[in-house]
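Trainee: Here it is: the structure, laid out below.
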Amino acid sequence: MLLSGALNRYNPPMLELLLLCVTGVATGFLNVMAGGGSMLSVPIMIFLGVPGAVANGTNRIAILPQNVSAVWAFYRKGFSHFKLSLSLGACTIPGTLIGATLATRVPNDQFNTLLAIIMVMVLIIMALPQPKTLEINQSPSRNRLIAGHILMVAIGFWGGFIHIGVGFLLMPVLSRVMQLDLISTNMHKVFIVLCYTIVALAVFASELELIWKYGIALGIGTWTGAWIAANMQIKQGIGAIKVTLNIVIVAFIIKLIFF
């Protein structure tokens with residue numbers, strides 16, 4: 001049931017929390033395995049009556065445990081390079097501060113339209129053939145390292161502003177610009193997102209009244225979904241998952257624009 005008073009409710013119905021938890025599992029799984037998971041979590045909160053900007057901020061509560069879970073899973077498997085991950089993540093911070101602050105200033109009706117446009121753009125990107133990542137890890141040259149760190153500022157802005165589709169920006173920078181292999185790319189990606197999400201969440205929490213119960217319910221799900229994705233080498237079934245995701249997203253876009 002879609003309720004317009006979600007923002008002011010102290011005790012949201014258990015059914016809504018369960019719905020958000022299940023959505024969180026799908027969101028966390030997709031974000032680690034294929035990308036685009038936040039195109040589920042943000043619209044579902046809007047349909048539950050949460051203003052767009054608040055939904056955008058509340059979503060950061062759920063992104064945080066998702067990436068903690070993924071970083072920990074990679075670390076336990078022996079995949080970590082915290083020095084490089086941290087330096088890349090630190091470079092996102094200036095852009096994140098600007099992007100998140102700007103996002104809190106967007107009126108809700110304009111945010112919904114903007115969200116629909118962004119979702120269409122990400123759908124198009126998801127439909128394009130993705131370039132193959134390198135199979136052998138190569139140590140990036142000094143110039144490639146510098147270029148990668150500079151580009152992180154722009155990625156931080158996008159991640160702070162909306163986050164949706166940020167994986168499609170991070171992956172080419174890490175794999176093509178810095179020439180990292182697939183595992184290293186994903187390993188750094190989840191750590192970088194963790195870094196800028198901490199900053200973005202602080203900005204949103206200071207500027208808006210976030211719905212923490214919604215965020216925590218989503219976060220329980222995203223933690224679980226991310227853990228499953230980071231610990232499983234799933235190749236079969238991703239195509240079917242993407243088709244289902246695309247159908248749901250198209251329905252969200254129609255609802256955002258026309259209803």
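Read-outs throughout are calculated quantities, based only on the coordinates presented, and are distinct from any laboratory measurement. These numbers come from a predicted model, not from an experiment. Cβ: placed from backbone, ideal geometry, glycine included. Neighbour counts: every protein chain shown.
Trainee: Output the relative contact order of segment 14-258, whole-number percent, from Cα pairs under 8 angstrom with separation of 6+ residues. Spell out each step's value before the answer.
Mentor: On the way: 385 pairs, mean separation 105.3, N = 245.
The normalised contact order for segment 14-258 reaches 43 percent.
Trainee: Using the Kirkwood radius over C-alpha pairs as Rh, can you work out the diffusion coefficient of segment 77-200 via Stokes-Einstein at 25 °C, viscosity 0.890 mPa s, in µm² per second? Don't skip to the answer; put the middle values down first.
Mentor: Numbers: Rh = 15.1 Å.
After rounding, the answer is 163 µm²/s.
Trainee: May I ask you to derive the FRET efficiency for SER139 and PHE47 from their Cβ-Cβ distance with R0 = 35 Å, giving the value to the nearest 0.05? Working shown, then result.
Mentor: Numbers: r = 47 Å, r/R0 = 1.33.
FRET efficiency, SER139 to PHE47: 0.15.
Trainee: Now, a different point. According to a simple spin-label model (label point 7 Å from Cα along Cα-to-Cβ), what is the distance in nm between ALA147 and ILE257?
Mentor: 3.6 nm
Trainee: As a footprinting exposure proxy, order TYR214, TYR196, TYR75 by other Cβ within 10 Å, with the fewest listed first.
Mentor: TYR75, TYR214, TYR196
Trainee: Roughly how large, in nm² to one decimal, is the mean projection of the convex hull of the alpha-carbon atoms in segment 14-258? Before the final figure, lay out each step's value.
Mentor: On the way: hull surface 48.6 nm².
Over every viewing direction, the Cα hull of segment 14-258 projects on average to 12.2 nm².
Trainee: Over segment 187-236, consider all pairs of different Cα atoms and compute the Kirkwood hydrodynamic radius from their mean reciprocal separation; express it in Å, one decimal. Please report the intermediate quantities before stating the final value.
Mentor: Numbers: mean 1/r = 0.0783 Å⁻¹.
With all distinct Cα pairs of segment 187-236 included, I get 12.8 Å.
Trainee: If you don't mind, another one. Using a 10 Å cut-off around each Cβ, can you sort LYS189, LYS213, LYS83 from fewest to most neighbouring Cβ atoms? Please list the in-between numbers first.
Mentor: Numbers: LYS189 26, LYS213 18, LYS83 8.
Final ranking by Cβ density, sparse to dense: LYS83, LYS213, LYS189.
Trainee: What distance in nm separates the simple spin-label points at GLU207 and VAL120, each placed 7 Å from Cα in the Cβ direction?
Mentor: 2.5 nm
Trainee: With 10 angstrom as the radius, rank TRP212, TRP227 by how many other C-beta atoms surround their C-beta, starting from the fewest.
Mentor: Numbers: TRP212 12, TRP227 21.
Ordered by Cβ neighbours within 10 Å, fewest first: TRP212, TRP227.
Trainee: Still on this model: Once the piece of chain linking ARG176 and ALA90 is laid out straight, how much longer is it, given 0.36 nm per residue of separation minus the C-alpha distance between them? Spell out each step's value before the answer.
Mentor: Numbers: separation 86, 0.36 × 86 = 30.96 nm, distance 2.04 nm.
Once the chain is fully extended between ARG176 and ALA90, it gains 28.9 nm.
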